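Reading through the structure tokens given below for one structure.
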Amino acid sequence: MTDLHPIPETPLEAQAEHARLVEEIRAHDALYYQEDAPSVSDADYDALRKRLIAIEARFPDLVTAESPTQKVSGGVSEKFAKARHGVPMLSLDNAFDEEDVADFVGRVRRFLNLKDEAIAFTAEPKIDGLSANLRYEKGKLVLGATRGDGETGEDVTANIRTISEIPQTLKGKNVPDLIEIRGEIYMSHADFRALNERQEKEGKPVYANPRNSAGGSLRQLDSAITRARNLHFFAYAWGEAPDLPAETQLGVVEAFQQWGFRTNPLMRRVHTVEEMAAYHREIGEIRASLGYDIDGVVYKVDRIDLQRRLGFVSRSPRWAIAHKFAAEQAFTVLNDIEIQVGRTGKLTPVAKLEPVTVGGVVVSNATLHNEDFIRGVDSHGNTVRDGNDIRVGDTVVVQRAGDVIPQIVRVVIEKRAAQSKPYEFPATCPACGSHAVREEGESDRRCTGGLICPAQAVERLRHFVSRNAMDIEGLGEKQIRAFYEWGLVKEPSDIFRIEREEEGQLARLKNREGWGELSAKNLFAAIEEARTRPVHRFLFALGIRHIGDINAKRLMRHYKTVDALRDAALAARMPEEGNRADKGNEAWQEMVDVSGIGSIVAGAVVEFFREPRNETALDALLKEVRPAPMEEAARNTPVAGKTVVFTGTLERMTRDEAKAGAERLGAKVSGSVSKKTDIVVAGPGAGSKLKQATELGVKVMTEDEWLALIG
Ligand code: IVH
């Protein structure tokens, strides 16, 4: 997509484009590495990086040490202790076609000043998992770490130990005193599918592809979960290794195998660009039957002395290259566009395609992202598919790269029927009929019928009863799901009627799986207690978009009662879209002026109360509950009015407890450190926030010191 745009001509344009790309790449990196949830295909991501490299090649002034081109992508979460790699974990340069491979071989030959002599390379699949560094001292595994940013990874030793293909002790002869083995941790296709089915059944998020699920599985705080995920490992490289067991890449990998590692059986030696291309084709043909994801093949100079001479350029070795597979494409017809409503109310259009085989897999759905994407515009306002919109009946090109969700990359305009019409995106939710709105600056349309929409019901109910909302003990996600499926609870007010509506309810509940007399009684007591939760928690519990606990407090501090807030929302008239002179009416102005509430948040509140379906549900709910006035924050405490940040692992309390405790004493809890921060409470494993605090001279204390301070 991005390739369609020429490289900017002027330094000013280049600078702007460069900044935009850096930001986009960083955002993708964060999603990919910290949340194991990528939002773009690898091919699109590679295209962004390629474009950044091209711009920097033309305007070298734009290269800074901070540019993603100068750093290995990655990043380290604060969940695990850090592990600094003795030898950095680098990445590989990419070749996308035979010409790039020929350039690579040419570069190697020139660098080594080879005349006609032959040079051997190893060729092996590029496993699409996550790399790990395993440190063995005296043959014993002492540390297992993720790659992280290449310099520092996460110490995941406990989890690594659960992977049966990683030996705890190296076996055989010639085991060195010290060696770091590197390789790829991955999940098989079969395990990936089974895991996602389980996740789905349990109402947990599903993983986008086997690589992310391997990442998510390895970065669990509970090693038992990692063990159950059945991860695999191929050894293919090394880090610190004072005495290597052989003089060639292949020889070393063979030694790995003798020490007890799995190595890839498809690895072999090649000598020419032709042999490399043949290997690439051959692996491409068997790719779909391997049972695990690969995204290309890797060639490495076989002789290790030559590798040493070749060395590195910025983030990758000069002696190796990844030859990627092209994304696979096919033509088909778009039969329909279906709108799916997500757990959070987002309307996602899905292309229903005439089934077609793409790279060995039958594809019948493709994501269309949102309304704008169908019109031919991406979320940055850039055109996609040459600006062509997508219409039902169109002939389209679908693309699949690895296990990424198939995409429509092109519309064959010449085949479009003369009478075809642009697609009209629905303005109401297909699941519940409530109106669906788009916020300023957003590409997504969302259902506003949060309280009653069946697509969102379980998620909303779960939120409604959760700890920081109505806090009904004994009603977790599992119970909510079961009650929903039994037809006992469809919307929040039903919860308060479980006991009363029907006398037999207790008996019914008792006979259900897992419910005894005592647990049912306890549940009813917890429900009773929730009827008088403070009003800001009630507002938060409604699950209105943008109303987290902080905004709920801001609004309720001002409006005091739900009725007053509702009256204000119904009286408010929002400014007309695009009319800058229009400031809305007085009720709107009042809401926007509440400290910390802007037009986006206020807009969400107005939309919520305005939806008649919510109104009915809310009336029913208000018949059941009597929210208590908001507790005013304490004023005479050592931390009243102070802004506090918690970071690292807390050992004496959960994050939620820490936050609630601080707020009860009148402190403000923030998620990020700035000049305005008064105290940073840092537990073990604290990282960037602690560093920032020290730099800004903010007071830092341990968890125990904090507890002593607040008594
Ligand atoms: S060699 C100095 N071999 O690809 C580079 N890497 O883009 C050493 N990968 O971080 C890496 N399969 O996670 C090598 N057979 C293979 C690989 C492989 C997958 C990954 C690895 C690395 C990334 C580089």
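The values are calculated or read from the model by the stated rules, or taken from the named source; none is laboratory data. What you see is a predicted model, and the numbers here were worked out from it, not measured in a lab. Methodologically, a virtual Cβ is constructed for each residue, glycine included, from the backbone with ideal geometry; neighbour enumeration extends over all protein chains shown. What goes into the accessible areas is simple: the full protein's heavy atoms, side chains included, and nothing from ligands, DNA or RNA. Shrake-Rupley method; radii C 1.70, N 1.55, O 1.52, S 1.80 Å.
One table, with the values for the structure above:
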| quantity | calculated |
| --- | --- |
| In the stretch 120-140, residue nearest to Arg315 (Cα to Cα) [restricted to those that are open to solvent by 10 Å² or more (accessible area, probe 1.4 Å), more than 9 Å from the ligand (Cβ to nearest atom) and in a strand (DSSP E or B)] | Arg135 |
| Subset of the stretch 660-688 [in contact (Cβ under 8 Å) with a residue 40 or more places away in the chain, open to solvent by less than 50 Å² (accessible area, probe 1.4 Å) and not aliphatic (A, V, I, L, M)] | Gly661, Gly685, Gly687 |
| Count of residues meeting criterion [surrounded by 14 or more Cβ atoms within 10 Å (Cβ to Cβ), within 24 Å of Pro205 (Cα to Cα) and not hydrophobic (A, V, I, L, M, F, W, C)] in the stretch 336-370 | 14 |
| When residues of the stretch 247-270 are limited to those that are in a loop (DSSP other than H, G, I, E, B) and either within 15 Å of the ligand (Cβ to nearest atom) or exposed (fewer than 14 other Cβ atoms within 10 Å of the Cβ) (or both), the one farthest from the chain's Cα centre (by Cα) | Glu247 |
| Subset of the stretch 289-314 that is farther than 18 Å from Val101 by Cα and basic (Lys, Arg) - its residue that is nearest to the ligand (Cβ to nearest atom) | Arg308 |
| Scope the stretch 641-657; condition touching a helix residue (DSSP H, G or I) at 6+ places or on another chain (Cβ under 8 Å) and either crowded, with 16+ Cβ neighbours inside 10 Å or not basic (Lys, Arg) (or both); matching residues | Val644, Val645, Phe646, Thr647, Gly648, Leu650, Glu651, Met653 |
| Which numbered condition Gln329 fails, given (1) out of contact with any Phe, Trp or Tyr (no Cβ under 6 Å at 6 or more places or on another chain); (2) within 30 Å of Met267 (Cα to Cα); (3) open to solvent by less than 20 Å² (accessible area, probe 1.4 Å) | (3) |
| Answer from Asp93, Asp97 - the residue that is at pLDDT 75 or above and away from the ligand (no atom under 15 Å from the Cβ) | Asp97 |
| Verdict on Arg227 being in contact (Cβ under 8 Å) with a residue 40 or more places away in the chain and within 16 Å of the ligand (Cβ to nearest atom) | no |
| Residues of the stretch 171-214 classified as hydrophobic (A, V, I, L, M, F, W, C), in contact with a helix residue (DSSP H, G or I) (Cβ under 9 Å, 6 or more places away or on another chain), open to solvent by less than 40 Å² (accessible area, probe 1.4 Å) and more than 16 Å from the ligand (Cβ to nearest atom), total | 2 |
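Quick grid of which residues meet (1) at pLDDT 95 or above; (2) among the basic types (Lys, Arg):
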{"position": "Ile160", "(1), (2)": "yes, no"}
{"position": "Gln168", "(1), (2)": "yes, no"}
{"position": "Lys173", "(1), (2)": "no, yes"}
{"position": "Phe192", "(1), (2)": "no, no"}
{"position": "Lys201", "(1), (2)": "no, yes"}
{"position": "Lys204", "(1), (2)": "no, yes"}
{"position": "Arg219", "(1), (2)": "no, yes"}
{"position": "Gly251", "(1), (2)": "yes, no"}
{"position": "Trp259", "(1), (2)": "yes, no"}
